[in-house]
Amino acid sequence: MMKKFPTANTIRNTVISVAAVSMLALPLFASASANNNAVGVVFNKTELVNSSSDEALYAKLQSASHKICGSSSLNITGSVRRSVGIQECYDGTLTAAVERLDNAEVDALHKQ
């Protein structure tokens, strides 16, 4: 009985398939690792005496959320799906931070 060796087309198709799967999987690993960041926001509750203090704190929370999730700019991500995922990360992170803060004025700013 004679052994049959793979043809050049079979090998080429296999290499192309592996390369395509690898390129599709790479963004998944990148987005998973992006969510392992931790950022702290330091403030003193006694500083929250006026609306400008509330706005400054809310700006800190927004900045921290951007640092955690990254930029959702299509020019940077190169993918609409990735941009949407990053925007969802930002929205969820910011909402969670505002809820954890439990400050009515900052909550009102967030809901505007």
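Restricting attention to the range 66-112, which residues are closer than 24 Å to SER52 by Cβ and acidic (Asp, Glu)?
Listed by number, the residues that qualify are GLU99, ASP102, GLU105, ASP107.
Residue check, SER71 against (1) part of a loop (DSSP other than H, G, I, E, B); (2) touching a Cys at 6+ places or on another chain (Cβ under 7 Å), all met but one. Which one?
(2)
Just to check your reading of the model, which residue among THR77, THR93 is modelled with pLDDT of 90 or more, surrounded by 12 or more Cβ atoms within 10 Å (Cβ to Cβ) and touching a helix residue (DSSP H, G or I) at 6+ places or on another chain (Cβ under 9 Å)?
Within the list THR77, THR93, the selection yields THR93.
What's the number of the only condition in (1) exposed (fewer than 12 other Cβ atoms within 10 Å of the Cβ); (2) modelled with pLDDT of 70 or more; (3) not charged (D, E, K, R) that ALA56 fails to meet?
For ALA56, the failing item is (1).
Is it the case that ASP102 is exposed (fewer than 14 other Cβ atoms within 10 Å of the Cβ), assigned by TED's automatic domain parsing to the domain that holds ASN44, on the phi > 0 side of the Ramachandran plot and not hydroxyl-bearing (Ser, Thr, Tyr)? Steps first, please.
Details: exposed (fewer than 14 other Cβ atoms within 10 Å of the Cβ): yes; assigned by TED's automatic domain parsing to the domain that holds ASN44: yes; on the phi > 0 side of the Ramachandran plot: yes; not hydroxyl-bearing (Ser, Thr, Tyr): yes.
Taking the combined requirement at face value, the residue satisfies it.
Yes or no, residue by residue, for (1) in a loop (DSSP other than H, G, I, E, B); (2) at pLDDT 90 or above:
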| site | (1), (2) |
| --- | --- |
| VAL21 | no, no |
| LEU26 | no, no |
| VAL42 | yes, no |
| VAL49 | yes, no |
| GLN62 | no, yes |
| SER65 | no, yes |
| ARG81 | no, no |
| GLU88 | no, yes |
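The values are calculated or read from the model by the stated rules, or taken from the named source; none is laboratory data. What you see is a predicted model; the values in this text were computed from it and never measured. Every residue, glycine as well, gets a Cβ built from its backbone with ideal geometry; the counts of neighbours run over all protein chains shown.
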